[in-house]
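Peer 1: I am attaching a structure below and will ask some questions about it afterwards.
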Amino acid sequence: MTKDTLVLCDIDETVLTFKGVTHEWWNANIEKHGHAWTYDQWEHIARTNPPEATDPTGFQTMVRNSGKLIFVTARKKHLMRLTEEHLSKVTNQKWDVLFCGTESKGRIIKEHLDLSPFDRVVFIDDSDRHLQTVRDEFGDAMEFYKFHAF
């Protein structure tokens with residue numbers, strides 16, 4: 001990566017994780033209780049438990065080697081302050097965060113970010129669904145990487 005690179009990176013299960021929250025946890029709870037209930041349970045966990053960094057050394061390397069990093073999260077916007085607190089566990093820097101909630105990450109990125117100043121744009125996420133929505137909007141104009149904590 002170079003200084004002309006924009007990195008768009010997911011937060012949960014990519015850069016940070018919470019003890020006990022895995023893809024299996026999400027899938028089992030969504031199947032049993034639905035997405036809204038599961039998200040509410042995740043939010044309770046996020047509010048009451050400290051996050052753990054998945055790869056602090058890798059994260060710092062990514063930051064050093066990119067021109068700009070913007071987090072793109074499925075968290076809801078009312079979690080802005082909590083998200084800042086969580087990200088401070090990884091680094092003491094203040095970050096730009098794009099909150100997508102239940103909306104398509106691809107659509108939100110397209111509507112809210114100007115990617116034209118960058119020669120290279122990289123999108124990193126743990127979710128196949130989010131990777132696909134961004135790929136559907138941007139195709140070959142962006143590089144895609146799947147990274148998750150589990």
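Peer 1: Structure shown: which of K32/K77; K68/K89; K32/K146 lie over 24 Å apart, alpha-carbon to alpha-carbon? Walk me through the intermediate numbers first.
Peer 2: Numbers: K32/K77 26 Å; K68/K89 19 Å; K32/K146 26 Å.
Going by Cα-Cα distance, K32/K77; K32/K146 fall outside the 24 Å limit.
Peer 1: Something else now. Net charge near K32, counting Lys/Arg +1 and Asp/Glu -1 over other residues with Cβ under 15 Å of its Cβ? Intermediate values should be presented prior to the final figure.
Peer 2: Details: positive: none; negative: E24, E31, D40.
That sum, taken over residues with Cβ under 15 Å, equals -3.
Peer 1: Above 24 Å lies some portion of the pair distances; for the range 1-117, what is it as a whole percent of all C-alpha pairs?
Peer 2: Details: 1950 of 6786 pairs.
More than 24 Å apart: 29 percent of the Cα pairs in the range 1-117.
Peer 1: What percent do you get for the relative contact order of the range 47-109 when only Cα pairs under 8 Å and 6+ apart count? Display every interim value, and only then the final one.
Peer 2: Details: 52 pairs, mean separation 25.3, N = 63.
Value for the range 47-109: 40 percent.
Peer 1: How much length would be gained if the chain were fully extended between E103 and A36, taking 0.36 nm per residue of separation minus their Cα-Cα distance, in nm to one decimal? Show your work: numbers first, answer last.
Peer 2: Values: separation 67, 0.36 × 67 = 24.12 nm, distance 1.36 nm.
The span from E103 to A36 would gain 22.8 nm if fully extended.
Peer 1: Something else now. Give a residue-ordered list of calculated ³J(HN,Hα) values for the range 10-20 (Karplus: 6.51 cos²θ - 1.76 cosθ + 1.60, θ = phi - 60°; whole Hz; x for Gly, Pro).
Peer 2: In residue order, the calculated couplings are 5, 9, 6, 6, 10, 9, 10, 9, 10, 3, x Hz.
Peer 1: I need to check one value: relative contact order of the range 3-88, counting alpha carbon pairs closer than 8 Å and at least 6 residues apart, in percent.
Peer 2: Numbers: 69 pairs, mean separation 46.4, N = 86.
This gives 54 percent for the range 3-88.
Peer 1: For the chain, calculate the relative contact order in percent as a whole number, restricting contacts to Cα pairs under 8 Å that are 6 or more residues apart.
Peer 2: On the way: 222 pairs, mean separation 51.3, N = 150.
Here the relative contact order equals 34 percent.
Peer 1: Using a simple spin-label model with points 7 Å from Cα along the Cα→Cβ vector, what separation in nm is obtained for N49 and E143?
Peer 2: The answer from the label model is 3.3 nm.
Peer 1: What dipole magnitude, in Debye to the nearest 20, does the chain give about its Cα centre under +1 on Lys/Arg Cβ and -1 on Asp/Glu Cβ? Present the calculation step by step, with values, prior to reporting the outcome.
Peer 2: On the way: 19 positive and 24 negative charges, 78 e Å.
Charge dipole of the chain: 380 debye, to the nearest 20.
Peer 1: Quick one: of the DSSP bridges fully inside the chain, what percent are antiparallel, nearest 5? Spell out each step's value before the answer.
Peer 2: Working: 2 of 20 bridges.
In the chain, DSSP labels about 10 percent of beta bridges as antiparallel.
None of the figures in this text is laboratory data; all of them are computed from the coordinates on show. Quick caveat: nothing in here was measured; it's all calculated off a predicted structure. A quick note on method: Cβ atoms are made from the backbone with ideal geometry, for glycine too, and the neighbour counts reach across all protein chains shown.
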